[in-house]
Each structure stands twice: as structure tokens, then as C-alpha cells.
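The values are calculated or read from the model by the stated rules, or taken from the named source; none is laboratory data. Keep in mind that this is a model prediction, so the values were computed, not measured. Every residue, glycine among them, receives a Cβ derived from its backbone with ideal geometry; neighbour counts consider all protein chains shown. For the accessible areas, the whole protein counts, side chains as well, though only heavy atoms, and no ligand, DNA or RNA atoms are used. Shrake-Rupley method; radii C 1.70, N 1.55, O 1.52, S 1.80 Å.
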Amino acid sequence: MNLVIDIGNSLTKLAVFDQNRLVNSVQLEDFDQEIILRLKKQYPELDKAILSAVTKHDSTRFQLLRKGFSYFLELSTTTPVPIKNNYRSKATLGIDRLAAAVGATCLFPGKDLLIIDAGTAITYDIVDKEKGFMGGNISPGLRTRFRALHQFTGRLPLLTPDDNWPDIGTTTEEGIQSGVLAGILSEVESVIDRMKSKWPELTIIVTGGDAKFFDKKLKSSIFVKFQITLLGLNRILEYNVKNY
């Protein structure tokens with residue numbers, strides 16, 4: 001069995017896989033290695049682990065992982081993956097983007113894919129039907145836009161997304177809601193349209209913490225898949241174990 005640890009900008013996700021089947025997952029605001037001990041007690045067959053961290057961390061925190069598993073892999077930009085990476089600056093590519101791309105190919109093999117990961121940032125990544133990671137775009141995320149308006153102006157309040165925004169704001173709060181939320185939907189639709197001009201049969205997958213916001217609001221047909229990064233990390237782990 002495999003343990004997958006995904007440390008993001010805001011949250012940490014842990015998942016237990018029995019080969020390719022997700023059997024358990026938890027989400028934490030603060031990573032605590034005690035949960036690894038609890039999972040190993042709950043699943044005695046846990047013997048392989050992968051760690052993905054997009055933030056800087058103290059590697060000594062993960063000695064338990066290195067010592068407690070027969071095979072431990074810390075994902076980096078040089079880790080072999082089961083797709084072709086065509087990104088020109090591979091050393092700067094976010095490993096979470098690469099993992100999500102791998103996960104998407106597991107769910108939709110043989111398809112041209114657009115993966116939209118809506119979190120602190122919104123990333124748009126293309127994987128073609130030959131499993132070639134073509135690259136993508138990076139944009140400020142939903143809550144990042146609200147924070148930016150508050151932090152970089154003198155008087156605008158800090159708001160959180162509200163699904164009931166008006167077309168035209170008649171208060172400052174309504175103006176912010178409408179500007180940010182309608183604006184971000186227009187951006188996403190525009191990116192989808194531009195990508196479809198190059199890949200007409202594009203399958204669109206939305207993931208990340210704010211994926212629910214886009215469900216039912218976009219005109220384009222999408223699949224909301226919250227676990228594709230975890231699926232991708234598990235696939236990368238199995239791929240490296242096989243070729244170890």
C-alpha cells in the first residue's frame with residue numbers, strides 16, 4: 001500500500017492507496033507526523049510513500065518517512081514521470097502541476113486535456129493525447145484577487161466569494177464581488193476558447209480548493225475532479241518503484 005503526501009500552499013493532503021485504488025484521504029491545515037504513525041497503525045501494509053511539497057520545508061521533518069517505509073520518494077523536477085515533459089524551464093515547473101497532469105492522464109487516457117487547478121493561483125495546463133505535457137498559464141487565484149484588492153488599496157475591504165453577486169454593483173462590496181467573480185469566470189472561459197482553437201476535442205478538468213466555484217457556472221463542459229493530484233502522485237510513485 002502507498003502513502004501520498006501533498007503539501008500545498010494552504011493545506012496538506014494525505015491519501016492511502018491500495019495499488020491504484022484510493023482507500024482513505026485526510027486534509028490538514030498543519031502537517032503533523034503523528035498522523036503518519038496513526039495511518040501506519042491503521043494500515044499495517046503501508047510500505048511505500050511519496051512526498052510532494054510546493055513550499056519550502058525542513059527536510060529533517062521527514063526522517064520518519066525515510067526510515068518508516070521500504071521505499072520513499074520526494075518528488076522533484078528531476079523525478080522520472082510517466083508522461084513526456086515538454087516544459088522548457090523544467091527546473092521551475094511546479095511539481096503539483098506535473099502531478100495533476102499525470103493524474104489527469106490516468107482518468108482520461110488518450111485525450112487532449114486542459115487541467116485547471118484553482119487554488120492560491122489558477123494554473124492552466126495542456127497535456128496532449130500522446131501524454132506530452134505542453135505547458136500552460138498561471139494566474140492569481142480567487143482569494144488571492146480579493147486579498148490583493150484589500151492589501152494594495154487604502155480603503156477596499158477584504159471579502160470572500162459570495163455566489164449571489166450582481167451584474168452591476170451598487171455598493172463597494174457588490175462591485176468587488178462582481179468584478180472579481182465575473183472577471184475570473186470570463187478569464188477561464190477565454191482560456192478554454194483559446195485552447196480549443198488548437199485542440200478542438202479538448203477534455204477540461206477542474207481541480208483545486210476553489211473547483212466547486214466553477215462547477216455549473218462555466219458555459220463550457222467540464223469535469224470537476226478533486227483528487228487528480230493525489231492520483232498523479234500515486235502513479236508517479238508506482239512508476240518509480242517499477243523502474244527502481
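Could you list all residues from segment 219-244 that are open to solvent by 20 Å² or more (accessible area, probe 1.4 Å) and among the aliphatic types (A, V, I, L, M)?
Listed by number, the residues that qualify are 222, 224, 231, 241.
Which of the residues belonging to segment 188-218 are surrounded by 18 or more Cβ atoms within 10 Å (Cβ to Cβ) and either without any contact (Cβ under 8 Å) to a residue 24 or more places away in the chain or in a strand (DSSP E or B) (or both)?
203, 204, 205, 206, 207
Which residue, of 140, 166, is without any contact (Cβ under 8 Å) to a residue 40 or more places away in the chain and either under 30 Å from residue 237 (Cβ atoms) or under 24 Å from the mean Cα position of the chain (by Cα) (or both)?
140
Quick one: how many residues across segment 1-31 are assigned to a loop (DSSP other than H, G, I, E, B), more than 17 Å from the chain's Cα centre (by Cα) and not acidic (Asp, Glu)?
The qualifying residues number 4.
Within segment 119-151, restricting attention to residues that are crowded, with 24+ Cβ neighbours inside 10 Å and not charged (D, E, K, R), which residue is farthest from residue 213 (Cα to Cα)?
Looking at the filtered set, the residue picked out is 133.
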